[in-house]
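Presented below is the structure to which this report refers.
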Amino acid sequence: MDSEAVDILIAGGGPVGAALALALEGSGHSVVLAEARSAESGGARSGDSGDARPIALSYASRLILERLHAWSGLPVTPIETIHVSQQGGFGRTLICAADCGLPALGYVASYNELQQCLLAAPCSARRLFGARLTGFDGTTATVRSQDGEFAFAPRLTVFADGARIADDRATPAYRKDYRQSAVVAWVKTAQAHRGRAWERFTPEGPLALLPHAAHYGLVWTTIPDRAARLCALDTPAFLAELHAAFGDRLGAFIEAGERTSFPLALRYQRDETRPRCLSVGNAAQTLHPVAGQGFNLGLRDAWELARLARETRELGSEDFCARYRRARALDRRAGIRFTDSLVGLFSNSNPLLRFGRGAGLLTLDLLPFARRFVARRMIYGARALP
Ligand SMILES: Cc1cc2nc3c(=O)[nH]c(=O)nc-3n(C[C@H](O)[C@H](O)[C@H](O)COP(=O)(O)OP(=O)(O)OC[C@H]3O[C@@H](n4cnc5c(N)ncnc54)[C@H](O)[C@@H]3O)c2cc1C
């Protein structure tokens, strides 16, 4: 089979792969994007229920999405305050957008609508749906679709395929199973959300409520057996259990939509040195959803890669790939450490740690500059580090 020459092949058209295709607009490179899902289930059709997980977008992600022309049609709800607390212990803090001089700390969208918006933005890349990358030997990439098998000879292959086939690569990924699953649902409370997000740490994992339209997006992390049970409960029993876990701050939980659960693990590519291929987004690092970092980090991967690609004639060379990996190393490492240490520090019932967490939350509440630092870290990633 003859292979078709192309500058960049993006394998995976999830939100990060789709954003990368947009960020490469005007770069002068020919781009092919191969997405395994069909155009319908990939989110191109409005009204598709698809993956409805809530995604908290940082203010910095908003700025990037605006430049990609994928912001104005996106239904989002601004987060004006974030309330952080721990179950069964003292201490709480309130982080406000005003502390950072920004109109919002972030925005909540649904994965599905984000995906639709990214796919609807003007893009001259050749986008193939229902097209799965089935092989890459370092030079040739094989893509299979309903119309048959295609071979591409890209100067650069970018893996943006989430966590799915990344483990087939030459260097095995680091993997740590959190032994937690996230139960995701849209829920409604008796009280309106007034732009406030809630992050409540429990010994089994964090429980987040993210304001979106008239609802909250719930991301409830717990042990896998309980997650399976929560998904199988009838709605009144689920709402009662949610109320017991979250407490009374929002009054009763009165509605819950369909529930799905996601197993959680930390996975990241380490020491990739091969030329002609790079990983972005979840294919490069899959994080715990605590503090909503994964997509925001992946979007910065895409943005930086497109920036470097614009400046080079040496696409895919060893030097180019090394430059990209160096440019992203600090932000990636910081994102991995930040989320992993939050999980380690908060997901347990050790009384000493509980006391330390309570003292930490109280201190944060008393020190505006510390709250500003935490907020900036969540908004801008490692660039906010001193
Ligand atoms: C419960 C939960 C809540 C989250 N909340 C947040 C949040 O609030 N904020 C945040 O920033 N992040 C959040 N995340 C993380 C975020 O969802 C991911 O970081 C983001 O989806 C990564 O996007 P991606 O495009 O890299 O990967 P994916 O979303 O996994 O997309 C990968 C794409 O590749 C395609 N694909 C797979 N294999 C192939 C193949 N062989 N060939 C072609 N295509 C292929 C798939 O069909 C898919 O479309 C959350 C995650 C979870 C689980």
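Observations on the model:
- There is no residue in segment 91-100 that is within 13 Å of the ligand (Cβ to nearest atom), farther than 26 Å from residue 277 by Cβ and either out of contact with any Pro (no Cβ under 9 Å at 6 or more places or on another chain) or not small (Gly, Ala, Ser) (or both).
- Being in contact (Cβ under 8 Å) with a residue 60 or more places away in the chain and at negative phi holds for only one residue in 278, 308, and it is 278.
- The residues in segment 222-253 that are at pLDDT 95 or above and outside any helix (DSSP H, G or I) can be counted, and the count is 5.
Residue-by-condition table, conditions (1) free of Cβ contacts under 8 Å to residues at least 60 places away in the same chain; (2) part of a strand (DSSP E or B):
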| residue | (1), (2) |
| --- | --- |
| 118 | no, no |
| 127 | no, yes |
| 135 | yes, yes |
| 138 | no, no |
| 150 | no, yes |
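- For residue 199, the conditions (1) modelled with pLDDT of 95 or more; (2) within 13 Å of the ligand (Cβ to nearest atom) all hold with the exception of (1).
Residues checked against (1) aromatic (Phe, Trp, Tyr); (2) surrounded by 23 or more Cβ atoms within 10 Å (Cβ to Cβ); (3) free of Cβ contacts under 8 Å to residues at least 60 places away in the same chain; (4) within 24 Å of residue 375 (Cβ to Cβ):
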position: 194; (1), (2), (3), (4): no, no, no, yes
position: 203; (1), (2), (3), (4): no, no, no, no
position: 214; (1), (2), (3), (4): no, no, yes, no
position: 217; (1), (2), (3), (4): no, yes, no, yes
position: 220; (1), (2), (3), (4): yes, yes, yes, yes
position: 225; (1), (2), (3), (4): no, no, yes, no
position: 234; (1), (2), (3), (4): no, no, yes, no
position: 243; (1), (2), (3), (4): no, no, yes, no
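- Helices (runs of 4 or more DSSP H) contained entirely in segment 292-386, each with at least 2 residues that are more than 25 Å from residue 59 (Cβ to Cβ) and within 23 Å of the chain's Cα centre (by Cα): 318-346
- Checking each residue of segment 307-324 against the condition of being under 22 Å from residue 12 (Cα atoms), surrounded by 21 or more Cβ atoms within 10 Å (Cβ to Cβ) and within 12 Å of the ligand (Cβ to nearest atom) gives no match.
- Strands (runs of 3 or more DSSP E) within segment 1-95 that include 1 or more residues modelled with pLDDT of 95 or more and among the charged types (D, E, K, R): 4-11, 31-35
The values are calculated or read from the model by the stated rules, or taken from the named source; none is laboratory data. Computed from a predicted structure; not experimentally measured. All Cβ positions, glycine included, derive from the backbone under ideal geometry; neighbour counts span all protein chains shown.
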